[in-house]
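The values are calculated or read from the model by the stated rules, or taken from the named source; none is laboratory data. Please read these numbers as outputs of a predicted model, since none were measured by experiment. Here Cβ is always computed from backbone atoms with ideal geometry, including for glycine, and neighbour counts include all displayed protein chains. Calculation scope for accessible area: heavy atoms of the full protein, side chains included, ligands and nucleic acids excluded. Shrake-Rupley method; radii C 1.70, N 1.55, O 1.52, S 1.80 Å.
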Amino acid sequence: MKKVAVLGGGPAGSFAAERLAAAGLNTVVIDEKLAWEKPCGGGLTYKAYNEYPYLLNNDTAKKVVTETYLAAPKAGAVKMNLTQPLVIYSRFDLNRMLLERAEKAGAQVEKTRVLEIERKTAGWLLRTRHGSFDADYCVVATGARNPLRNVGTQWTRSDTMYALGYYVPTDQNHIDIQFLPNLEGYIWVFPRCGHLSVGICGKGEPAQALRARLEKYMDEKSLRYQGSEFYGHVLPSLETPAWRKNRVAGEGWIAVGDAAGLVDPITGEGLYYAMRSGDLASQVILNEAHSLTDKVHAYYGLLRRDFAADLEFGATLAKRVFLGRFLFNTVPARMIHFMRRSPLFRELMQDLFAGTQSYSGLKKRLLKNLNGTMSEVLMNWFLHRVVPADNIATEPQA
């Protein structure tokens, strides 16, 4: 293998290109936009910058956020201090930084659109707006709207969610997360350098309905959307059957990031999985002991062991998290109640925000902590609702 074409210059493609070029492969990144402002929050979890420290330690403009407020109907809001901060970038700045790293490693970057790829006896023929060229292998990093139908994941409409919102020219130092009634999704307010990303993601509702929900919230919070830049995008949000038959690789190609459907089905977060899949893909491509068929199976195995099996399990939980009921109230409302009254539950939520708590291990941890959490909640309720304030013991004053 001498030449690899990376079709897409977002985080997934840039990560793969940097590693392939650094290993000495002739690597070409092809993208018609290159660095651009993708509609999303732009947050990187502790899991991401702990795995790749340069995501935190760099000169690119970013926000390091240590506070978030979560709110649900009939439950109010609760503040959570993040023990592991969230790092928030403009996607234009993040994409540019990762592309520059790929170029410094030796990758060639071409600003053009791939129109078609054709499998040859050995390798690929790629046709772009500016001509054609050959490649031995393809990394498919074309995003959720992948125009190349013969490579990348395959999904139905139920395997997607809408994400839309506004860039509001104001500032705040914390994150807001708002759950909504009868919606498999949520509203976010993420502070970025120079503006807020105020958005909503959701499944099962048309974009117009989601936009109406978001604008109602923004009116209530005095966040101006008139005159603010609007954005919208479709994200992968695979249902369980789609995870089980997800097409992420084939002979001579590997898909990464959104083009492989690698997005958290509960949070909609895809940045870590984009970069991580780019890293794993490069490891498989560079392994000379693998045949082309071996590379397909090796990539499937690496993805499942690393995170894909956990995301598949998360898909079985998504509807219950947003639409389920527990103790005569909605699950989001009960989450707010427990966070307000239980340090154990707050620790669990902090780990979910940091990306260090798996979905597959969630049930075991909840069962292990349930007695402690319920005891904390009941004791807190008893002290504040039953025992008069004057009778609550306090530390003796000096």
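Distances over 38 Å make up what percent of all Cα-Cα pairs in the chain? Across the chain, Cα pairs with separations above 38 Å total 24 percent. When the range 78-126 is described by a simple charge dipole with +1 on each Lys and Arg Cβ and -1 on each Asp and Glu Cβ, the residue from GLN84, LEU125, LEU94 located farthest towards its positive end is GLN84. How big, in percent, is the set of alpha carbon pairs in the range 135-293 lying more than 18 Å apart? Roughly 63 percent, once rounded to a whole number. Computed with a 1.4 Å probe on the full set of protein chains, the accessible area for ASP134 sits at about 100 Å².
The residues of the chain have, on average, 47 Å² of accessible surface per residue, using a 1.4 Å probe with all protein chains present.
For the range 111-177, the share of accessible area belonging to carbon and sulfur comes to 45 percent (1.4 Å probe, ligands and nucleic acids excluded). Secondary structure note: in the chain, about 75% of the DSSP beta bridges are antiparallel. Taking Lys and Arg as +1 and Asp and Glu as -1, the other residues whose beta-carbon sits under 13 Å from that of GLU215 total +3. Using a probe radius of 1.4 angstrom, the carbon and sulfur fraction of the accessible surface of the range 179-327 is 53%. The heavy atoms of THR170 offer some 60 square angstrom of accessible surface to a 1.4 angstrom probe. The convex hull drawn around the Cα atoms of the range 1-94, when projected onto a plane and averaged over every direction, covers 8.2 nm². This model, with +1 at the C-beta of Lys and Arg and -1 at the C-beta of Asp and Glu, gives the chain a dipole about its Cα centre of some 800 debye.
The string of couplings for the range 191-197 from the Karplus curve (6.51, -1.76, 1.60, θ = phi - 60°) is x, 10, 5, x, 6, 9, 9 Hz, one whole number per residue in order, with x for Gly and Pro. Ranked by the mean number of other Cβ atoms within 10 Å per residue, highest first, peptides 283-289, 71-77 order as 71-77, 283-289. Averaging Cα coordinates gives a centre for the range 235-273 and one for the range 65-117; these two points are 17 Å apart.
For the set HIS233, HIS130, the ranking by accessible area, highest first and with no ligand, DNA or RNA atoms included, is HIS130, HIS233 under a 1.4 Å probe. Taking a Cβ cut-off of under 14 Å around GLU251, the surrounding Lys, Arg, Asp and Glu residues balance to a net charge of +1, with basic ones at +1 and acidic ones at -1. Placing unit charges on the Cβ atoms only, positive for Lys and Arg and negative for Asp and Glu, gives the range 74-216 a dipole magnitude near 240 debye about its Cα centre.
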